[in-house]
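Peer 1: Pasting a structure below so you can have a look.
The values are calculated or read from the model by the stated rules, or taken from the named source; none is laboratory data. Computed from a predicted model, the values in this text were never measured in an experiment. Glycine gets a Cβ as well: all are built from the backbone with ideal geometry, and neighbour counts include every protein chain shown. Protein only, heavy atoms only, side chains kept; ligands, DNA and RNA dropped before computing areas. Shrake-Rupley method; radii C 1.70, N 1.55, O 1.52, S 1.80 Å.
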Amino acid sequence: RYGRFDPEDRRSRHCPYLDTINRSVLDFDFEKLCSISLSHINVYACLVCGKYFQGRGLKSHAYIHSVQFSHHVFLNLHTLKFYCLPDNYEIIDSSLEDITYVLKPTFTKQQIANLDKQAKLSRAYDGTTYLPGIVGLNNIKANDYANAVLQALSNVPPLRNYFLEEENYRNIKRPPGDIMFLLVQRFGELMRKLWNPRNFKAHVSPHEMLQAVVLCSKKTFQITKQGDGVDFLSWFLNALHSALGGTKKKKKTIVTDVFQGSMRIFTKKLPHPDLPAEEKEQLLQNDEYQETMVESTFMYLTLDLPTAPLYKDEKEQLIIPQVPLFNILAKFNGITEKEYKTYKENFLKRFQLTKLPPYLIFCIKRFTKNNFFVEKNPTIVNFPITNVDLREYLSEEVQAVHKNTTYDLIANIVHDGKPTEGSYRIHVLHHGTGKWYELQDLQVTDILPQMITLSEAYIQIWKRRDEDETNQQGA
């Protein structure tokens, strides 16, 4: 009977082996390749032991596995069809729908619209409960810097909603041989897994997403080596934007719609500090020393910390310097001048914001690299979690047209420890419950909002309040 296929047998029918399926070993977060041939083509998951095998015909790896171990139920990871081997018939049974949903979660427009209104806990297969969207990510080796950024972005509602629906980007035209679109697909898959209300596990492995990152960044960002959260965020947003067909100037994408603001940059060249005073005076009359202005867009704002004191006496050992958020935001008030040195010339620059995006990202500059090593500034930034008004950083003519300028924090990424080795964790606001959670790789705990401001914040995402919200808050 094994090996002789009767055409009648191939029809779908009820399978006597469904109770051998072991849902607790099923994990579809890893690369879909055969555990023996390492091929990506025509891969099946054995639903009894969870391993992946290629093919289901005679002598194929899945077929041999089924005969050798008496494991009979397989799922084609591409077509999402179930088969019984070695008899090779398709199984159609509605009790298997939970498995296909875990492999490929989908969301209706209605479900997406309700995501931020609900606080319903989901139950994983082992009985643990989790809040969809507030889900731990595996740290494969040293990828917590990427995990924190991905978790932050997955909690930005318009970005998340766009990626939850594959229809939004399925038909984007890409040049032949382009690999960058893989980032878009993998990010979409990761979003759907993080927000899946019917997952078998209370955590997700970002394995496939990170493999796409390693490949698309040409190994600039690795899984095995700690990277910098800000560098990764900057690269990832730009790579997503261009993979979605966006351009520097004209073509916008969901990424620029959500995060892009604009500013004016005023630049003035300075005479060399060692020149005699008279010569400096004369030079300042020249055209090349006059202030110039350019309009520039930004995806995030870099906030500079004041230099941390170098020497501490015994008593001051415990004092970590603190600075209010508004002090470091003053860089963008259009008046504060900051000196920038290149190896040949010195410039004074000042910045003024001209457009505030719906979601504003702050990167707090904690690290300075010099020739020998990287230094970290441990200064704590004191910030309110809600109600930060940025109106004063806009020019007067822009203030008149920019109605909403008030922001609330929704994500806060923290870097702990030494500059080159430390670790990352993140605080996120769950919109449905209004509660804050701390995520560090697989660990998810709730946290009081007042604890968030005590950490060495590194990247923050702020959400602009819209008309109706401002009125509600006022009420």
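Peer 1: I'm told Phe383 meets every condition in (1) open to solvent by less than 20 Å² (accessible area, probe 1.4 Å); (2) hydrophobic (A, V, I, L, M, F, W, C); (3) over 24 Å from Val398 (Cβ atoms) except one. Can you identify the failing condition by its number?
Peer 2: (3)
Peer 1: Which count do you get for residues in the stretch 205-224 that are surrounded by fewer than 19 Cβ atoms within 10 Å (Cβ to Cβ), in a loop (DSSP other than H, G, I, E, B) and in contact (Cβ under 8 Å) with a residue 24 or more places away in the chain?
Peer 2: 3
Peer 1: Another question, if that's okay. Among the residues of the stretch 112-119, is there at least one that is without any contact (Cβ under 8 Å) to a residue 24 or more places away in the chain, open to solvent by 40 Å² or more (accessible area, probe 1.4 Å) and under 30 Å from Gly57 (Cα atoms)?
Peer 2: Narrowing the stretch 112-119 to residues without any contact (Cβ under 8 Å) to a residue 24 or more places away in the chain: 113-114.
Next, from what is left, pick out any that are open to solvent by 40 Å² or more (accessible area, probe 1.4 Å): 113-114.
Now narrow it down to the ones that are under 30 Å from Gly57 (Cα atoms): none.
The answer is no, given that none of the residues of the stretch 112-119 is without any contact (Cβ under 8 Å) to a residue 24 or more places away in the chain, open to solvent by 40 Å² or more (accessible area, probe 1.4 Å) and under 30 Å from Gly57 (Cα atoms).
Residues checked against (1) modelled with pLDDT of 95 or more; (2) hydrophobic (A, V, I, L, M, F, W, C); (3) in the same structural domain as Asn155 (by the TED database); (4) in contact with a Lys or Arg (Cβ under 8 Å, 6 or more places away or on another chain):
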residue	(1), (2), (3), (4)
Tyr44	yes, no, no, yes
Gly50	yes, no, no, no
His61	yes, no, no, no
Ser66	yes, no, no, no
Val73	yes, yes, no, no
Phe82	yes, yes, no, no
Ser94	no, no, no, no
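Peer 1: Which strands (runs of 3 or more DSSP E) does the stretch 350-440 wholly contain that include 3 or more residues that are among the hydroxyl-bearing types (Ser, Thr, Tyr)?
Peer 2: Those strands (runs of 3 or more DSSP E) do not exist here; none qualify.
Peer 1: Okay, next question. If we keep just the residues of the stretch 225-253 that are touching a residue at least 60 places away in the same chain (Cβ under 8 Å) and aliphatic (A, V, I, L, M), which is nearest to Gly417 (Cα to Cα)?
Peer 2: Ranking the qualifying residues of the stretch 225-253, first place goes to Val230.
Peer 1: Residues that are closer than 25 Å to Gly227 by Cβ and touching a strand residue (DSSP E or B) at 6+ places or on another chain (Cβ under 7 Å): which helices (runs of 4 or more DSSP H) entirely in the stretch 117-185 hold 3 or more of them?
Peer 2: On the way: elements: 144-153, 157-164, 167-170.
Fully inside the stretch 117-185 and qualifying: 144-153.
Peer 1: Test each condition in (1) in a loop (DSSP other than H, G, I, E, B); (2) buried (at least 17 other Cβ atoms within 10 Å of the Cβ) for Phe236 and report the one that comes out false.
Peer 2: Only one criterion is unmet by Phe236, namely (1).
Peer 1: Would you please name the residue that is modelled with the lowest pLDDT, looking only at residues in the stretch 293-320 that are farther than 29 Å from Lys252 by Cβ and either open to solvent by less than 30 Å² (accessible area, probe 1.4 Å) or among the aromatic types (Phe, Trp, Tyr) (or both)?
Peer 2: So the residue we want is Tyr311.
Peer 1: So, Phe30, is that one within 30 Å of Ile140 (Cα to Cα) and open to solvent by less than 40 Å² (accessible area, probe 1.4 Å) or not?
Peer 2: Numbers: within 30 Å of Ile140 (Cα to Cα): yes; open to solvent by less than 40 Å² (accessible area, probe 1.4 Å): no.
Here the answer is no, as Phe30 does not meet what is asked.
Peer 1: Which is over 27 Å from Pro357 (Cβ atoms), more than 24 Å from the chain's Cα centre (by Cα) and among the basic types (Lys, Arg), of Lys269, Lys250?
Peer 2: Answer to the check: Lys269.
Peer 1: Still on this model: Mind listing whichever residues of the stretch 139-186 are polar (S, T, N, Q) and open to solvent by 40 Å² or more (accessible area, probe 1.4 Å)?
Peer 2: Listed by number, the residues that qualify are Asn139, Asn161, Asn168, Asn171, Gln185.
Peer 1: If you check every pair at least six apart or on different chains, which have Cβ atoms under 7 Å apart with a residue in the stretch 126-145 that is farther than 13 Å from Asp29 by Cβ and among the small types (Gly, Ala, Ser) first and a residue that is open to solvent by less than 10 Å² (accessible area, probe 1.4 Å) and part of a strand (DSSP E or B) second?
Peer 2: Pairs found: Gly133/His430.
Peer 1: Kindly establish whether Leu194 is under 22 Å from Ile413 (Cα atoms), modelled with pLDDT of 95 or more and touching a strand residue (DSSP E or B) at 6+ places or on another chain (Cβ under 9 Å).
Peer 2: Spelling it out, Leu194 is indeed under 22 Å from Ile413 (Cα atoms), modelled with pLDDT of 95 or more and touching a strand residue (DSSP E or B) at 6+ places or on another chain (Cβ under 9 Å).
Peer 1: For the stretch 328-376, give me each residue that is out of contact with any Leu (no Cβ under 7 Å at 6 or more places or on another chain), acidic (Asp, Glu) and open to solvent by 70 Å² or more (accessible area, probe 1.4 Å).
Peer 2: Glu375 - this is the single residue of the stretch 328-376 that is out of contact with any Leu (no Cβ under 7 Å at 6 or more places or on another chain), acidic (Asp, Glu) and open to solvent by 70 Å² or more (accessible area, probe 1.4 Å).
Peer 1: A follow-up question, please. State all residues of the stretch 15-44 that are closer than 23 Å to Leu210 by Cα, out of contact with any helix residue (DSSP H, G or I) (no Cβ under 7 Å at 6 or more places or on another chain) and aliphatic (A, V, I, L, M); if no residue qualifies, say none.
Peer 2: Once the filter is applied, which keeps residues that are closer than 23 Å to Leu210 by Cα, out of contact with any helix residue (DSSP H, G or I) (no Cβ under 7 Å at 6 or more places or on another chain) and aliphatic (A, V, I, L, M), the stretch 15-44 yields Val25, Leu33, Leu38, Ile41, Val43.
Peer 1: Would you mind stating whether Tyr83 is closer than 29 Å to Cys46 by Cα, surrounded by fewer than 20 Cβ atoms within 10 Å (Cβ to Cβ) and among the aromatic types (Phe, Trp, Tyr)?
Peer 2: No.
Peer 1: Looking at the stretch 277-292, which of its residues are loosely packed, with under 11 Cβ neighbours inside 10 Å and among the charged types (D, E, K, R)?
Peer 2: Glu278, Asp287, Glu288
Peer 1: Report yes if Phe69 is among the aromatic types (Phe, Trp, Tyr) and out of contact with any Leu (no Cβ under 9 Å at 6 or more places or on another chain), otherwise no.
Peer 2: For Phe69, the condition - among the aromatic types (Phe, Trp, Tyr) and out of contact with any Leu (no Cβ under 9 Å at 6 or more places or on another chain) - is met.
Peer 1: Go through the stretch 94-103 and count every residue that is in contact with a Leu (Cβ under 7 Å, 6 or more places away or on another chain) and open to solvent by 40 Å² or more (accessible area, probe 1.4 Å).
Peer 2: 1
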